[in-house]
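Here's the structure, in structure tokens; my notes come after.
The values are calculated or read from the model by the stated rules, or taken from the named source; none is laboratory data. Owing to the predicted nature of the structure, the values given are computational and were not obtained by experimental measurement. Here the Cβ positions follow ideal geometry from the backbone for every residue, glycine too, while neighbour counts run over all protein chains shown.
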Amino acid sequence: MCINLCESLKSYFGDTTVKGAVDSILENKFSIPQDIDWPDLPGLHKAVLAAYQVRCDFALFLLELWDSVWQASLTNSDLGGELVPITLQQTQESGDMKFDPENIWNDRWYQRSFETTARGKQYELYLGIEVSRERHPNLQLYLYLWDCKKEEDVTKNLDMMDAQWQTLTEEEGQIGYTKSLASYCQDGKIDLVRLQETAKGALLTIYEHFRQ
């Protein structure tokens, strides 16, 4: 399965001039340049509008990627029936992630979390996807499984974990694992086959862990 990039993202990823202009507008607090005059003002506002469009399209792209990889895999797995999605409001209140276009653009990733109390156990599962904003962007899966009763990360103990899953850390310690699996194609398509296969395998392994 492939996902086709929309035209604004094709231009952003495929044209260094466009990418540079968009990044400049979005990375800096906008102000009117001193070297333009009245006739230039409409074009300037159109450029700002186009940059904001790229940012919103990027956020929508990550949502579509997550649905095509993790949600599709959950829907077709035994594990999906045991997980209760943590609501958007709960996630926002916890401060784990903000879901407005600006934050998704800055963080370059999208994540959803779930909880389960099946078989007398209590886990929280975090599933994410990250896309770099390089000219040829890299796609990564994100996975983290937390045992709420033992208060410990159990992701590292899963049978599927190998050297290709890289530990993701912050100052306070380990926060998950990522695996690079796909990259942007010149024709504006993203091939999701390896991402989907790895997601399905990961969910099957987690399901088997729950049954132990």
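Scan the helices (runs of 4 or more DSSP H) fully inside the stretch 1-107 and keep the ones with 2 or more residues being over 30 Å from Gln122 (Cβ atoms) and in contact (Cβ under 8 Å) with a residue 12 or more places away in the chain.
Working: elements: 7-14, 16-27, 41-66, 72-75, 88-94, 101-107.
Filter on the stretch 1-107 gives 7-14, 16-27, 41-66, 101-107.
Could you check the stretch 16-37 and list, in sequence order, the residues that are under 16 Å from Ser132 (Cα atoms) and polar (S, T, N, Q)?
Thr16
Let me confirm something: among Gln71, Gln92, which residue is modelled with pLDDT under 90 and out of contact with any Ser or Thr (no Cβ under 7 Å at 6 or more places or on another chain)? Explain how you work it out, then say what you get.
Working: Gln71 fails: modelled with pLDDT under 90.
Checking each option against the conditions leaves just Gln92.
How many residues are charged (D, E, K, R) and under 24 Å from Asn4 (Cα atoms) when one looks only at the stretch 25-75? Spell out the reasoning first.
First, pick out the residues of the stretch 25-75 that are charged (D, E, K, R): 27, 29, 35, 37, 40, 46, 55, 57, 64, 67.
Still in the running and under 24 Å from Asn4 (Cα atoms): 55, 57, 64, 67.
So the answer is 4.
Do we have Lys46 as basic (Lys, Arg), within 23 Å of the chain's Cα centre (by Cα) and modelled with pLDDT of 90 or more here? Lay out the reasoning, then the answer.
Numbers: basic (Lys, Arg): yes; within 23 Å of the chain's Cα centre (by Cα): no; modelled with pLDDT of 90 or more: yes.
No.
Please count how many residues of the stretch 139-152 are surrounded by 15 or more Cβ atoms within 10 Å (Cβ to Cβ) and of a type outside the set (A, V, I, L, M, F, W, C). Talk me through it step by step, then tell me what you get.
We begin by selecting, within the stretch 139-152, every residue surrounded by 15 or more Cβ atoms within 10 Å (Cβ to Cβ); these are 139-147.
Keeping just the survivors that are of a type outside the set (A, V, I, L, M, F, W, C) gives 140, 142, 144, 147.
Total meeting the criteria: 4.
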